[in-house]
């Protein structure tokens, strides 16, 4: 009897709090320190080993009824009436599309074609992050491999990184230490969330899951199993070299920055936060309003693939609306153009034959830019034009296919000073095989030939993660790459000097300094396109029909800058005196200075 009374009191307290929150519809702070301490004392952690059950995950469709647009037209809305339902935002993100991503499928097919003896292992590795619910269900049932054939008829796998791919990750002590698709799932029918005292009844009744509070779901370590990927290298015959290669390490890049201390997490930027009080599920008037609320747009940098998939929905079996795709593209564009990079350009000097400029790039991301999959690159376009429109100097121009003009293959090194139009500054990771030749075959990646990707603020070569996130190539010795004037690391900046020959020109010029981004550069596909498997053929057809225009991330301009080749030293202020300034009579005097 005593036990029943305690349960009843708790139930009344929870419902009462819910009704109070619903009636006032005020913002509810995340949680106070006292709340967290109290809750922690009464909470129990569910063990990680899989239980003896037929299934371990639910598809996102099971979540849609309460966390999406339901049959009555209800949806989660913010204070301004904007639809922010979780399902619609998720389904057209690259998380939601991970299982049907045609580039990923083509690349897996490429890797298998190069080393067919490793087929099952390669596919199993790649599905662990692109189709984790299908992969881990197969694993828990005792199957050694989960392949693209397994995925083809599996609704869990085809759901990509679905709701329970993240919300059933347990708060295990190994979280943040497991990488390359090793995900510590809690398989005891629970769903972790960021809000204390969740209303458990509806979820238990309708989908058989118990929602639980845990702060780990809001921490970057929850993203770490799939956002640091370390592969075992092989030689050109497919034999293991005994070495490993860091294919991507976004989580470690974040660790080596100022952001963990702020704290700014992966979720802060990629799941933008709303301060409005939000009722996060449909159909329950007593449900507490929660704040802050992280939207589920999962905005990244891959607008190219989101748009390609949108334009090939039928072929890929995707049923999401164009409106949802467009909403995702808006979120990606906002992240790329507003939260990624600052660019500024200044004229530092003009002599009788050369104009000198400095371009400063400041990384605002919480990791390297670009980060993630090693195909991605950003490059600088620097153009000086005469008043009549003629080009005096240009580097970083590109054609309709996305090829950078004058970008000599296989790659160009990092530049501190650019003096010629054949020199292009590209920020990228370049992989090398056992012979030191550039490769785009991930399993053959044995060494890093170049990594000059822009570093996050606070990054240092003395941080314990540096062996995983090294700077490689000429950027390492560049005195202003991530360093201030005193040589102190951590600026998150790079300064490029442009020395432009004026070629006897007298007159004004306009200067444009811009940074463009490509998630799938044409050169990345050359090796893959040499194979004729169905996934590769299908993707290449989609790619060839796609708009391959690089994305403009940021730019700065100088307008009507005077170039006078008769001046022997362009430090005009040191040569000419102008006075009085200001003048009260409209008359000024100009004198030369010794």
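Computed from the coordinates by the stated procedures, all read-outs in this text should not be read as laboratory data. No experiment lies behind these values; they were computed from the predicted model shown. Virtual Cβ from ideal backbone geometry, glycine too; neighbours counted across all protein chains shown.
For the reader, a short list of remarks on this structure follows.
- Global form of region 288-338, assessed from the alpha-carbon gyration tensor, a/c cut-off 1.5: oblate
- Extension reserve of the residue 547-residue 334 stretch, reckoned as 0.36 nm per residue once the Cα distance is removed: 74.8 nm
- Taken over region 340-562, the percentage of Cα pairs per 10 Å bin, counting from 0 up to the bin with the maximum distance, is 7, 31, 33, 20, 7, 1.
- In plain terms, the residue of 479, 519, 93 with the fewest other Cβ atoms within 10 Å comes first and the most crowded comes last, giving 479, 519, 93.
- Exposure proxy shown here: for 112, 488, 472, the number of other Cβ atoms within 10 Å sets the order, fewest to most, as 488, 472, 112.
- Stretching residue 326 away from residue 421 to a fully extended chain increases their span by 30.5 nm, per 0.36 nm per residue minus the current alpha-carbon distance.
- Label-point separation in nm, residue 174 to residue 400, each point 7 Å along Cα→Cβ: 5.3 nm
- Size of region 317-450 as Cα extents on the principal axes (Å, biggest first): 61, 46, 30
- For region 185-334: span of alpha carbons on each principal axis (Å, largest first): 63, 38, 34
- Distance from the C-alpha centroid of region 352-420 to that of region 173-215: 45 Å, rounded to the whole angstrom.
- Nearest-0.05 FRET efficiency for residue 61 and residue 483, computed from C-beta distance (R0 45 Å): 0.30
- In terms of other Cβ atoms within 10 Å, 278, 447 run from fewest to most in the order 447, 278.
- Ellipsoid semi-axes in whole angstrom, largest first, where each is sqrt(5λ) of the Cα gyration tensor of region 371-466: 29, 18, 11
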